[in-house]
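Below is one structure; the comments refer to it alone.
The values are calculated or read from the model by the stated rules, or taken from the named source; none is laboratory data. Owing to the predicted nature of the structure, the values given are computational and were not obtained by experimental measurement. All Cβ positions, glycine included, derive from the backbone under ideal geometry; neighbour counts span all protein chains shown.
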Amino acid sequence: MRGAPSRPGLPCGSGPWAPPRPPCHCPDHPPVALSVPPQVQPGPRVLKVLVGEAVDLNCVAEGNPEPRVAWSKDGVALRGEGPEGSVHFTAIQTSHAGTYRCEASSSAGVDAWELDLRPPHWGTDETSGLLERVAGENASLPCPARVPPSLREDRRRANVSGMAGQSLTLECDANGFPAPEITWLKDGRQVGVPRGWMGSRIQEGDSGLYSCRAENQAGIAQRDFDLLVLSE
């Protein structure tokens, strides 16, 4: 018996009787990375700090590709002492006042944040820290702030005289934070008790140079009294 002739025009292995072909394994395409413009986290617009305080200005930015962060002050580029994205001040001085700008840039764009740093001038009655924050936590300060001691007419020598047997009081008013410790000295040696005044009936042997020294973690202040005891 002869076999059935194959259909003309259909190659071998094709047609409805052909075996199924194995599935096609197409190569996976990697996802396309999208560019995201830099975005700087907002921080305070105005920062008031104590002269002598340590301050860190931190700038955090996100984006794709990762943005490069740079600081400038009044338009002049800065090189921070801290890690990239931060500026560290060991002790704030009045010369540090100005407008600071953090700029984050990449091939996708630029974003920036600015703040005004204002170290106030401290007088004898200004013993509370000033800090203004508008938004964010990109600036850090020690809390509470330390204030160096200040004395009324400190660094000035007062000439004081009195008669032997007379009651005499030397006053020493000190301000600061933390509260300064008072030490009295006579001719460079500690005398009396640690308080803001020193008084007694004076004798001729009490003549000498008395110093009131106020000291805390932020500094030292001193006032001198040149005492002359007169005999009757």
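Within the range 198-219, is there a residue that is touching a residue at least 24 places away in the same chain (Cβ under 8 Å), touching a Leu at 6+ places or on another chain (Cβ under 9 Å), among the basic types (Lys, Arg) and surrounded by fewer than 17 Cβ atoms within 10 Å (Cβ to Cβ)?
yes
Can you tell me which residue in the range 179-201 is nearest to Leu228 (Cα to Cα), limited to those that are assigned to a loop (DSSP other than H, G, I, E, B) and modelled with pLDDT of 80 or more? Break it down stepwise before answering.
Pass one, the range 179-201, residues assigned to a loop (DSSP other than H, G, I, E, B): 179-180, 187-188, 192-196.
Remaining after also requiring modelled with pLDDT of 80 or more: 179-180, 187-188.
Details: Ala179: 31, Pro180: 28, Asp187: 13, Gly188: 16 Å.
Going through the qualifying residues, I end up with Asp187.
Take the range 47-66 and flag every residue that is part of a strand (DSSP E or B), on the phi < 0 side of the Ramachandran plot and in contact (Cβ under 8 Å) with a residue 40 or more places away in the chain.
Leu47, Lys48, Val55, Asp56, Leu57, Asn58, Ala61, Asn64
Which residues, counting only those in the range 26-43, are surrounded by 20 or more Cβ atoms within 10 Å (Cβ to Cβ) and modelled with pLDDT of 80 or more? Spell out how you get there, then give the answer.
Filtering the range 26-43 for residues surrounded by 20 or more Cβ atoms within 10 Å (Cβ to Cβ) gives 38, 40, 43.
Within the range 26-43, Pro38, Val40 meet the criteria.
So which of Glu126, Glu114, Glu153 ends up being at pLDDT 85 or above, acidic (Asp, Glu) and over 15 Å from the mean Cα position of the chain (by Cα)? First the steps, then the outcome.
Working: Glu126 fails: at pLDDT 85 or above; Glu153 fails: at pLDDT 85 or above.
It is Glu114.
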